[in-house]
Amino acid sequence: MPHTFVRLPTVLAALGAAALALPAHAQTAPAQRLASPPPTAAARQQAAQQARDSVRSLRRARSAQSEFERVRFNELPWTFDSGHPDRCDEIVGRFCFWFGDKDEEKRDPPPEAKPVGVARGELVSRLARAATEHPGDEWVMGQLVRYQVEARRADDALATARACRATAWWCGALTGYALHARGDYAAAEAAFDAALASMPQRRRHDWTDLGLLLSPGERRQYNRMRPAQRDSVERVFWRLADPMVSTPGNEARTEHLSRWVMARLNERAQSTDGLRWGSDLGEFLLRYGPPDAWERVRQPMPTAARANVVSHYASHAWSFIPRLRDLANPSALKPDAWEPDPDQPRVQYPVGYARSFEKLEPQVAVFRRGGQAVVLAAYDMDADSVPAASPVSNALVLDPGTGHEPIVVRGTAVGARGVLRADAVPAPALLSLEVRADSVKRAGRARFGLPLAPPPATGIHLSDILLLTRGDSLPTSLEEATPLARGTYRVKPGERLGLFWEVYGLASQNDTLTLGVSIARTNQPGFARRAAERIGLASRGTPVKVGWKEESGGRTILGRSLAVTLPDLSPGEYSLQISVQRGAEPPVLTTRKLIVPKPR
């Protein structure tokens, strides 16, 4: 099949630029230059020979790249799967694209055949020799960086990119690509920003355009925006797409820009599957990255034709892309707005530090101290994926939005549970709770808006209810309650549940308070469950309601804890409510969601 390489005019342009780089002493006045003797026939012959050698060197480099991809193709594993499903989830250009079963276990690509690794090493050596002779050739420098990264030689790739003498923006993009492969996302982002600033305007527009990452409806809305509005949208988009705010750099954005580098490399080189590069393959690359494995399809009857190839894309990748409608007010983002592993993701990105990325369902509770809001965030990851002895790094980020620095509180823990505290000005913010267990390559995240608001000017008011991990030893202060914070809203029927909350706005004299605690179902059980309850095959889940009176003792902040034994609640969502009333004033309320999961 035809392939596109660096064309001859490009080579000639490079040679012309080299001819202008005269030694300093030769760059004399015009009259002196005119007086210089013309080159001799021997000099002309030598220059022509050098030009022919240069062209041959570049041709050998391109031939070596093609030969390597032929070796890789010939070593691909065979499959009898025709690669033609009974449906197309999406048709892009020439290709039918379909998604595998979401419930399938995440797989790793088959190990690479040893001859491929040997052939790649030989290719890198040949490209390195060509790069020494032609450090200003974009194709050679790009392919060398590409295959060094592929060989997991990111440090060598970075050294090559920094030695690049081709177009400045392309060398900068190769540097960002190598830094991203190395896991240095902050430096990669800086390198890409510099490359974007120096590249031609049309190319910069293509590389920063979000159109392919959006759904068709969102794309139409995005395309109607004015340039200034699109710039603002793109900034917020990548801010929300950042997998881990607490990790320096934005690994989703640098992955996206690295894919643009890969697209330019692929459009000018031989491919593994032998397909002619086109916009459809470019779209696959930008949305899902390069294939991480291929298989040759064995035909039922012998044929001399080249075998078809099925491409497999990364299974250890997740959706971090926000919805366009969420960009206007990130501090109002709902917990269910982000799903890391949807059935049919529009875009997926891997992260180098995790093979599993879990959506956390943390407990977040807000308390008051003076004019500050005290935010507690407790999480509980899947204990099967994070062993008890695993070291874990965690972070709580409160981002008030553009123009303000986010508050980032970092901590460490051991095992699947942890709790973090951040003090902040009471104003709406985007909360991001981020957890990494690098030893087992697990990560988890929760990201949603937190409607922090100043306390009322008068009257009593309440904190959130903090659910505790135990109900047998109750805390008397927030400091004692914090390490006991439960990492989830999920509870079990019949368990003894510990609660902690605070009352604010009390007078310095002794106040008489009437308190009440109740638990009631917020959603109705299904028809089958109601029928089973009516005939006695399932319990009805009796609501809980208790009340009492007590004195404040002259304290302006009153911390209270209580243990409640849950009845035999049926699966579903419940509302835990605490009410406090001072004298004849209207009662004030605070609620907490409880979830009783279905038995496994």
Test set (1) without any contact (Cβ under 8 Å) to a residue 24 or more places away in the chain; (2) under 20 Å from Leu327 (Cβ atoms) - Ala191 fails condition number: (2)
Qualifying residue in the stretch 277-284 (condition: in a loop (DSSP other than H, G, I, E, B) and in contact with a Ser or Thr (Cβ under 9 Å, 6 or more places away or on another chain)): yes
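Table: residues versus (1) at pLDDT below 95; (2) in contact with a helix residue (DSSP H, G or I) (Cβ under 6 Å, 6 or more places away or on another chain); (3) more than 26 Å from Pro322 (Cα to Cα).
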| site | (1), (2), (3) |
| --- | --- |
| Ala354 | yes, no, no |
| Arg369 | yes, no, yes |
| Tyr379 | no, no, no |
| Val408 | no, no, no |
| Gly411 | no, no, yes |
| Leu420 | no, no, no |
| Glu434 | no, no, no |
| Leu467 | no, no, yes |
Pairs where the first residue, in the stretch 108-121, is under 23 Å from Arg62 (Cα atoms) and the second is open to solvent by 70 Å² or more (accessible area, probe 1.4 Å) and in a helix (DSSP H, G or I), C-beta under 8 Å, 6+ apart: Ala119/Glu67
Some residue of the stretch 485-504 being farther than 30 Å from Val245 by Cβ, in contact with a helix residue (DSSP H, G or I) (Cβ under 8 Å, 6 or more places away or on another chain) and either β-branched (Val, Ile, Thr) or at pLDDT 95 or above (or both): yes
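One line per residue, one yes/no per condition, for (1) surrounded by 15 or more Cβ atoms within 10 Å (Cβ to Cβ); (2) farther than 29 Å from Leu452 by Cβ; (3) β-branched (Val, Ile, Thr):
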| site | (1), (2), (3) |
| --- | --- |
| Gly274 | yes, yes, no |
| Arg287 | yes, yes, no |
| Val297 | yes, yes, yes |
| Ala307 | yes, yes, no |
| Ser315 | yes, yes, no |
| Leu333 | yes, no, no |
| Asp336 | no, no, no |
Some residue of the stretch 440-447 being of a type in the set (A, V, I, L, M, F, W, C), open to solvent by 10 Å² or more (accessible area, probe 1.4 Å), at pLDDT below 95 and in a helix (DSSP H, G or I): yes
Cross-chain or 6+ apart pairs with Cβ under 8 Å, the stretch 216-227 first and touching a residue at least 12 places away in the same chain (Cβ under 8 Å) and under 17 Å from Glu283 (Cβ atoms), then surrounded by 11 or more Cβ atoms within 10 Å (Cβ to Cβ) and small (Gly, Ala, Ser): Tyr222/Gly211; Asn223/Gly211
Which listed residue is more than 27 Å from Arg592 (Cβ to Cβ) and among the basic types (Lys, Arg), from Arg369, Arg355: Arg355
Qualifying residue in the stretch 103-117 (condition: modelled with pLDDT of 95 or more, open to solvent by less than 40 Å² (accessible area, probe 1.4 Å) and part of a helix (DSSP H, G or I)): yes
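The values are calculated or read from the model by the stated rules, or taken from the named source; none is laboratory data. What you see is a predicted model, and the numbers here were worked out from it, not measured in a lab. So basically every Cβ, Gly included, is an ideal-geometry build from the backbone, and we count neighbours across all protein chains shown. Note: accessible area is taken over every heavy atom of the protein model, side chains too, but ligands, DNA and RNA are not part of it. Shrake-Rupley method; radii C 1.70, N 1.55, O 1.52, S 1.80 Å.
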